[in-house]
Amino acid sequence: NNSSNYPPFIESILSTYLGPRLILALVSILYATNFPLGSLMNDALPASAATSSRMVLASLVLSPFLFRLKPSLRREVLLGGSFVSMGYVSQSLALVDTSPALVSFLGSATVLVCPLLQWLVDKRPMGWKDAPQTWMAACLCLCGVAALELFGGGGGGGTSLRDHWEQLGRGDALSLVQAVGFGTGVFLSEKMMKKEPDQALSITAGLVGVTAFYSMIWCFVDGWMFRTMDGGEGGIAMQQWQSYGLPGLFLNPDMRTVAYAVAWTGIISTSTNFFIEITALGRVPSSEASVILATEPLWASLFAAWWMKEEFGVSDVVGGMLMIGACVVNTLKPDDLRRWIGGSVDGNDEKELDGNGVSMTVEQS
């Protein structure tokens, strides 16, 4: 948190009360653009090509920091990056046939993954007395998923609950797998940051680099790279990797809009946004930052309605608000939550619970 690391103008913004909070709000908005733009890219490219292009660009931007990664963190970065890769790959696959807003809202289930890992791995007590905010968040999250999946979705007023259940598809499941991948990645990143707090950007570069590596393997396994494209009238036939891969994607005039989307998601809303978020988080308590960042699905829904012309019903709004509520509730400290619902804690309990009130901050997209 050394002010000398930043230019005077940036430091003048970060040193104010509103400055870093407004920056985090901007971060949330930028992350939200990944969902509609991801859907747009998947309409024109294989999901593996869209993810690979985005992550390769992001890793190139962050590559200078990768070489500063301490050797003691390499194994942990590889493991964390594997889970982050699972999050990005499942997100990209989900966006092929699932609403960007729904993918974003279901991704909010990450709010449950980190506490579960704290219980399983760190053996942290997670009963109602120890973590009431987690149980309340779990209930809100499950209710939100039920509203989004079982009572929504344009089936018409005559559609039964059984019919809605049978309509659940691969995209819905992948959206929840996305939450597991990102949540585990955040859990492992927190452990690395506690061990080496000065390695934030290097850890981020490592996670993005591992994701880019897995995405490239996915491209080879997917099989699209060596298929031949029809050159059209007077055109020259070429293999798909020459047009869908880098740098060919940016040289193809027919893919100009998709190339802009890849550039934005890779350079701006992934790599640059990581850096902005880490900088602002040094000035804002994580519990407060989590509330600001929890607005991401709302912005994703607005972008989807604007760009993709999506329409939302009452169940979509109710389900989305419940998912956001789960994120917000999970940021509360246990003792504050008890006071709010009318309970009380003694001095000893407050000391034990102080460390449990810090919530995890989730990054996407």
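The values are calculated or read from the model by the stated rules, or taken from the named source; none is laboratory data. These numbers come from a predicted model, not from an experiment. Reconstructed Cβ throughout: ideal geometry from the backbone, glycine too, with neighbour counts over all protein chains shown. Each accessible area value is taken on the protein alone, full model and side chains, heavy atoms only, with ligands, DNA and RNA left out. Shrake-Rupley method; radii C 1.70, N 1.55, O 1.52, S 1.80 Å.
Computed quantities for the displayed model
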read-out	value
Test: residue 204 is open to solvent by less than 60 Å² (accessible area, probe 1.4 Å), of a type in the set (S, T, N, Q), at pLDDT 75 or above and closer than 27 Å to residue 66 by Cα	yes
Test result for residue 323, at pLDDT below 80 and within 15 Å of residue 141 (Cα to Cα)	yes
Given (1) closer than 28 Å to residue 134 by Cβ; (2) modelled with pLDDT under 85; (3) surrounded by fewer than 24 Cβ atoms within 10 Å (Cβ to Cβ); (4) among the polar types (S, T, N, Q), index of the condition residue 82 fails	(2)
Residue match in the range 46-60 (condition: under 21 Å from residue 212 (Cβ atoms), of a type in the set (A, V, I, L, M), modelled with pLDDT of 85 or more and more than 18 Å from the chain's Cα centre (by Cα))	yes
Qualifying position, being modelled with pLDDT under 85 and out of contact with any helix residue (DSSP H, G or I) (no Cβ under 6 Å at 6 or more places or on another chain), among 97, 43, 122	122
Test result for residue 75, open to solvent by 40 Å² or more (accessible area, probe 1.4 Å) and not acidic (Asp, Glu)	yes
First in the range 121-137 and without any contact (Cβ under 8 Å) to a residue 40 or more places away in the chain and open to solvent by 20 Å² or more (accessible area, probe 1.4 Å), second anywhere and among the hydroxyl-bearing types (Ser, Thr, Tyr) and assigned to a helix (DSSP H, G or I), Cβ under 7 Å, 6 or more apart	126/134
Residue within the range 310-329 that is charged (D, E, K, R) and assigned to a loop (DSSP other than H, G, I, E, B) present	yes
